[in-house]
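These notes concern the structure reproduced below.
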């Protein structure tokens, strides 16, 4: 992925402080180790790609480069409460704001993200990101703080018409449930008043 690309690499030992207001009540469609069969930067990355998503909204990835040695490694966090819309035909879309970093000091980003799928089966699932660079953030997980007063477009269709740069797309084809070891991982989340809570996955 580019501004928001994905394989997990440090998630089992991750204990971090994130600034979010609440725990998530929306069902997350991506959970566990997930396979990405296509992305809009397929000329840059080797496919398929892998991403790991956790129940508390954190995620990580490693994307192998196609034309040079090495890979892109990154971490991300959902920074607001996701909003899910279900349509009359059973299809659905989730909108959320995410912060991420691709492993370089100047790569902090805040993105409006849209995840969508059909009624049945769950997959394939499409993810689309529209990102801002956040060079003034004190840490990557706070990349969305400077954009806290900027609302994301209500849905992906609207975002496509108003965003000035091309979005990033991924197509997910399956996710494996988190292992027992991953389910035992703890994360400390800090709310807007500075109160901390530990979430066991």
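The values are calculated or read from the model by the stated rules, or taken from the named source; none is laboratory data. All of these numbers come straight from a predicted model, not from anything done at the bench. Cβ placement follows ideal geometry from the backbone for every residue including glycine, while neighbour counts extend to all protein chains displayed.
Among the numbered conditions (1) modelled with pLDDT under 95; (2) under 11 Å from the mean Cα position of the chain (by Cα); (3) assigned to a strand (DSSP E or B), the only one that residue 73 does not meet is (2).
For every residue, the table says whether it meets (1) surrounded by fewer than 22 Cβ atoms within 10 Å (Cβ to Cβ); (2) touching a helix residue (DSSP H, G or I) at 6+ places or on another chain (Cβ under 9 Å).
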position: 69; (1), (2): yes, no
position: 76; (1), (2): no, yes
position: 80; (1), (2): yes, no
position: 85; (1), (2): yes, no
position: 88; (1), (2): yes, no
position: 98; (1), (2): no, no
position: 118; (1), (2): yes, no
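The set of residues in segment 76-91 that are in contact (Cβ under 8 Å) with a residue 60 or more places away in the chain, more than 13 Å from residue 141 (Cβ to Cβ) and assigned to a strand (DSSP E or B) contains only 85.
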